[in-house]
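The values are calculated or read from the model by the stated rules, or taken from the named source; none is laboratory data. Quick caveat, the model's predicted, so the values are computed rather than measured. Cβ placement follows ideal geometry from the backbone for every residue including glycine, while neighbour counts extend to all protein chains displayed.
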Amino acid sequence: MTSTDMPSGNLLAAARHAAGLTQAELAHAAGIDSSTLSRMETAGTKPVCGKTENLVRILEALRAAGVELLMDGLRLVQRGKPPR
């Protein structure tokens, strides 16, 4: 992913809130340290920085929680059903 492909910190935080997860819960589900997630979210309107592997883990954990993060927003999905 290039920096222009990375979601903003605000979008990442909004996705977490939509999933109903705390930073600690999402970090645990993603297998990363909560300070890493916190640092990513504090990017605000800028693209998050960090390891692509960590972002992929976060996106997978959000998807498992029913939230799909898109570059232009969020999509809530029902668990176990493919998105429309």
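Consider segment 17-35. How many of its residues are surrounded by 15 or more Cβ atoms within 10 Å (Cβ to Cβ) and modelled with pLDDT of 95 or more?
10
Report, by residue number, each residue of segment 40-60 that is surrounded by 15 or more Cβ atoms within 10 Å (Cβ to Cβ) and without any contact (Cβ under 8 Å) to a residue 24 or more places away in the chain.
Correct list: Gly50, Leu59.
Kindly provide the set of residues from segment 1-14 that are out of contact with any Asp or Glu (no Cβ under 6 Å at 6 or more places or on another chain) and either modelled with pLDDT of 95 or more or closer than 17 Å to Cys49 by Cβ (or both), ordered by number.
Answer for segment 1-14, where residues must be out of contact with any Asp or Glu (no Cβ under 6 Å at 6 or more places or on another chain) and either modelled with pLDDT of 95 or more or closer than 17 Å to Cys49 by Cβ (or both): Met1, Thr2, Ser3, Thr4, Asp5, Met6, Pro7, Ser8, Asn10, Leu11.
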